[in-house]
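Peer 1: I'd like to ask some things about the structure below.
Each reported figure results from applying straightforward, stated rules to the coordinates on display, with no laboratory input. Small disclaimer: the values here were computed from a predicted structure and weren't measured. Note that each Cβ is placed from the backbone with ideal geometry, even for glycine, and that neighbours are counted across all protein chains shown.
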Amino acid sequence: MNKTILFVLPKFEFGGTVFSTFNMIRMLQQHGGFEIYVYPMIADGPVRQVYKGINVLESDYLLESSFANLNEYKGIKKISLVIGKIIKRIWSCYLKEYNVKQYKRVSQKLQIQYHFDFVASCQEGDSTEFVSYFKDCKRIAWFRSEMSLYLKNHVSESRAKRLAAIYGRMDNIVCVSKTTRDDFAQYFPDIDEHILAIHNIQDVQEILDKANEDISEAFDKQYYTLVSVGRMSPQKRFASIPKIASEIIQSGLTNFRWYIIGDGNKAGEYDRLIKEINQLNMHEYVKLLGSRVNPYPYIRSADALVIPSSYEACPRVVAEAHILKVPVISADYSSAPEFVRHGVDGFVGSIDELSHFITEMIEGTETSKTVVRNCQNFKFDTDLILNQLLQLFS
């Protein structure tokens, strides 16, 4: 008999969670033995079409209205969400913990209807608390951050006090790197034995196939081509790219172009990026392509992928670049050495060292030639990760 799994997503937005979860679902489906469903806390989003062909359950509008941004909706859907928010405001005057009551109501309804064997939250936050209230199943929480930074930057004091209870109800917590697993365990030593480290799995053949699709903005190969991929947020530090580009130019190299794939403007990161491009006059060298559902042809066409991030838990784009035989130049966030081997398949260093590493690559130093050669021979091991997932869902 097939095992029934429910994956709970926050929403269908660009980012690692949506695509990493999709890859995991696809690999589990290809293995067989699972009946898989997806429940989005917020029903809509720019990449919902990626999940076409997967059983996506209808979101509960009362629960969805607690988290949806009304500015992103129009028509009947917006009216229903407005009604939901009004109901929440009225109920909250008389009932404490409104969201908790909705979590319990919806989880009970779904479990009665589908009898899930496993329910997994795909990301920390509200989706994890929601999953923690399911009963008669194995509860799993994916954690895609670093707990020390998560507590500092994303969690209110009242929410932080509830985390021990929320994660204590989980049968397993899956961190996406050994670095983040060890960091998580420092804060919750009592559940250490339930905390796992499983890297994000990749569908290698799909990446290779999609990388061969045509793109409208073909790179001019007379230039050394750099590419960076991700949402516009302070964590990604894309606003630092014009300065790094200017340092490369100051070293005497001008035969490069740096393309940024991503959208958004979290905490004004896009605005800062534009300001830096203008102030440093980098329009010719730093190019903004916006978001792309399929970034693989761009990565494949690049000479190197650059990650200036201050933090990454398990950077999916590193594996994607290596699968496409592209070297990675990365800032030294805590988990970077777990994914990029300095001087072997890329470079890892401080944000101030990135211009030096890029210069090495452009000039073709012996070390950079070794990196390029090693990347040409890279093979991604999906079997190890798949076996870890099969054990988790057994």
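Peer 1: Rounded to whole Å, give me the distance from the Cα center of segment 168-227 to that of segment 273-290.
Peer 2: Value for the Cα centre distance between the two parts: 28 Å.
Peer 1: Only bridges with both residues in the chain count here: give the DSSP antiparallel percent, nearest 5. Spell out each step's value before the answer.
Peer 2: Numbers: 0 of 44 bridges.
Beta bridges within the chain, antiparallel portion: roughly 0 percent.
Peer 1: Going by average Cβ density within 10 Å per residue, which order do the peptides 280-287, 20-27 take, highest to lowest? Provide the component values of the computation, followed by the final result.
Peer 2: Values: 280-287: 15.9, 20-27: 21.0.
So the peptides 280-287, 20-27, ranked by packing, come out 20-27, 280-287.
Peer 1: Tell me whether segment 232-310 comes out rounded, prolate or oblate; compute the Cα gyration tensor, take square roots of the eigenvalues as a ≥ b ≥ c, and use a/c under 1.5 as the rounded threshold. All intermediate terms of the calculation are to be shown ahead of the outcome.
Peer 2: On the way: a/c = 1.78, a/b = 1.10, b/c = 1.63.
Since a/c reaches 1.5 but b/c is at least a/b, the shape of segment 232-310 is classed as oblate.
Peer 1: Can I ask one more? Place a +1 charge on the Cβ of each Lys and Arg in segment 117-164 and a -1 charge on the Cβ of each Asp and Glu, then give the dipole magnitude about the Cα centre in debye, rounded to the nearest 20. Mind dumping the intermediate values first?
Peer 2: Numbers: 8 positive and 7 negative charges, 24 e Å.
Approximately 120 debye in magnitude.
Peer 1: Using Cα pairs under 8 angstrom and six or more residues apart, how large is the relative contact order of the chain, in percent?
Peer 2: Working: 682 pairs, mean separation 51.7, N = 394.
It rounds to 13 percent for the chain.
Peer 1: Which value, in debye to the nearest 20, gives the size of the charge dipole of the chain about its Cα centre, when Lys and Arg are +1 and Asp and Glu are -1 at the Cβ?
Peer 2: Values: 46 positive and 47 negative charges, 311 e Å.
With Lys and Arg at +1 and Asp and Glu at -1, about 1500 debye.
Peer 1: Same structure again: Sort 138-144, 10-16 by packing, meaning the average of other beta carbons within 10 Å per residue, with the highest value first.
Peer 2: Working: 138-144: 23.6, 10-16: 20.7.
Highest mean packing first, the order is 138-144, 10-16.
Peer 1: Would you mind telling me which residue in Ala218, Ala239, Ala336 has the biggest mean-square fluctuation in a Gaussian network model of the chain, where springs connect alpha carbons within a distance under 10 angstrom?
Peer 2: Ala218
Peer 1: Could you sort out which of Lys152/Lys379; Lys236/Lys275; Lys210/Lys236; Lys11/Lys138 sit more than 26 Å apart by Cα distance in this structure? Working shown, then result.
Peer 2: Numbers: Lys152/Lys379 37 Å; Lys236/Lys275 16 Å; Lys210/Lys236 24 Å; Lys11/Lys138 22 Å.
Pairs exceeding the cut-off: Lys152/Lys379.
Peer 1: Another one. How big is segment 115-267 on each of its three principal axes, counting only the C-alpha atoms and giving the largest first in Å?
Peer 2: That works out to 60, 37, 26 Å along the principal axes.
Peer 1: Here's something else I'd like to know. Quick one: 3J(HN,Hα) in Hz for segment 173-178, Karplus 6.51/-1.76/1.60 with θ = phi - 60°, rounded, Gly and Pro as x.
Peer 2: Per residue, the Karplus-derived 3J(HN,Hα) values read 10, 9, 9, 8, 7, 5 Hz.
Peer 1: Sticking with this structure for a sec: Just the Kirkwood number for the chain, please: inverse of mean 1/r across all distinct Cα pairs, in Å, one decimal. Could the numbers behind the result be given before it?
Peer 2: Details: mean 1/r = 0.0446 Å⁻¹.
Taking every pair of different Cα atoms in the chain, averaging 1/r and inverting gives 22.4 Å.
Peer 1: If packing is taken as the average count of other Cβ atoms within 10 Å, what order do 120-128, 205-213 fall into, highest mean first? Mind dumping the intermediate values first?
Peer 2: Details: 120-128: 24.3, 205-213: 13.9.
So the peptides 120-128, 205-213, ranked by packing, come out 120-128, 205-213.
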